[in-house]
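*Asks:* I have a structure I would like to understand better, so I am pasting it below and will then ask my questions one at a time.
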Amino acid sequence: MTYDPSHRPTGQLLQDWAAVMRELQARDVLRTNNNPVGDIAEVIVAAHYGGERGGFSQAGWDVKTPSGERIQVKGIRVTGNGKAGRSLSPIRDSNYDAVVVVVFDETFRVTEGLHIPRAVVEERFAIEQYRNARFIRLTRALRQDPHVETVDLSDAYRRLHDR
């Protein structure tokens, strides 16, 4: 059975969205009622590395691996509106070892994963003083940097998808 939202009234779609968000929180996928992309990316990265997610009180990293690597997770959902190269959410702290970027398509399938060492982030992306943050842009040059590694997140995504 395929879900077809086109015949449902807007009010019912909003109720469906709220119910889905509550259920994803109950399953420990989401932590807030904000845009779910970041939380979903964190769950996938934590599962991939066998790490644990950080709490809200510590700054700089989102997932700590069993080896102690502190990873800041950035997620982006590409919806076909021409903004695939846009900046990710800001990095305002330097208490991390690497950034892992999770790229989703419109339906939340993972299409790309990148592991970017902190040194590469700091070399390529200056702090924008007026916003006091670094903004990573997903460019061809970044993807081709010899220190940036592609990460296959498909197993972690499948585990999340199937639970």
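*Asks:* With the checklist (1) in contact with a Lys or Arg (Cβ under 9 Å, 6 or more places away or on another chain); (2) free of Cβ contacts under 8 Å to residues at least 40 places away in the same chain; (3) of a type in the set (D, E, K, R) in hand, flag the one item Glu23 doesn't pass.
*Replies:* Condition not satisfied by Glu23: (1).
*Asks:* When the residues of the range 30-47 are filtered to those that are of a type in the set (Gly, Ala, Ser) and in contact with a helix residue (DSSP H, G or I) (Cβ under 9 Å, 6 or more places away or on another chain), which remaining residue is surrounded by the fewest Cβ atoms within 10 Å (Cβ to Cβ)?
*Replies:* Per the stated criteria, the residue is Ala47.
*Asks:* Turning to a different aspect of this structure: Kindly indicate whether Ile116 is of a type in the set (Val, Ile, Thr), more than 14 Å from Glu42 (Cα to Cα) and within 15 Å of the chain's Cα centre (by Cα).
*Replies:* So Ile116 fits the description; yes.
*Asks:* I would also like to ask the following. Can you tell me which residues in the range 63-113 are within 14 Å of Ala156 (Cβ to Cβ) and among the acidic types (Asp, Glu)?
*Replies:* Glu112
Okay, residues lined up against (1) open to solvent by less than 20 Å² (accessible area, probe 1.4 Å); (2) more than 19 Å from Val99 (Cβ to Cβ); (3) of a type in the set (Phe, Trp, Tyr); (4) free of Cβ contacts under 8 Å to residues at least 40 places away in the same chain:
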residue	(1), (2), (3), (4)
Gly11	no, yes, no, yes
Asp28	no, yes, no, yes
Gln58	no, no, no, yes
Gln72	yes, no, no, yes
Gly75	no, no, no, yes
Thr79	no, yes, no, yes
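*Asks:* Going through the range 112-157 one residue at a time, which ones are within 20 Å of Thr65 (Cα to Cα) and at pLDDT below 95?
*Replies:* Ser154, Asp155, Ala156, Tyr157
*Asks:* Need the failing condition index for Tyr96 against (1) surrounded by 13 or more Cβ atoms within 10 Å (Cβ to Cβ); (2) outside any loop (DSSP other than H, G, I, E, B), just the number.
*Replies:* (2)
*Asks:* Follow-up question, since we're still on this one. What residue, of Ala126, Ala119, Ala141, is over 28 Å from Leu24 (Cβ atoms) and outside any helix (DSSP H, G or I)?
*Replies:* Just a single option satisfies the conditions, and that option is Ala126.
*Asks:* Among the candidates Gly50, Gly85, Gly11, which residue alone is of a type outside the set (Asp, Glu), out of contact with any helix residue (DSSP H, G or I) (no Cβ under 7 Å at 6 or more places or on another chain), over 25 Å from Arg134 (Cα atoms) and modelled with pLDDT under 85?
*Replies:* One residue alone meets the criteria, Gly11.
*Asks:* If Arg31 meets every condition in (1) within 13 Å of the chain's Cα centre (by Cα); (2) part of a loop (DSSP other than H, G, I, E, B); (3) among the charged types (D, E, K, R) apart from one, which number is that one?
*Replies:* For Arg31, the exception is condition (1).
*Asks:* Can you confirm whether the range 95-107 contains a residue that is farther than 26 Å from Val29 by Cβ and touching a residue at least 24 places away in the same chain (Cβ under 8 Å)?
*Replies:* No, the range 95-107 contains no residue that is farther than 26 Å from Val29 by Cβ and touching a residue at least 24 places away in the same chain (Cβ under 8 Å).
The values are calculated or read from the model by the stated rules, or taken from the named source; none is laboratory data. This is a predicted model, so every value here is computed, not measured. A quick note on method: Cβ atoms are made from the backbone with ideal geometry, for glycine too, and the neighbour counts reach across all protein chains shown. These accessible areas exclude ligands, DNA and RNA; they are computed on the full protein's heavy atoms, side chains included. Shrake-Rupley method; radii C 1.70, N 1.55, O 1.52, S 1.80 Å.
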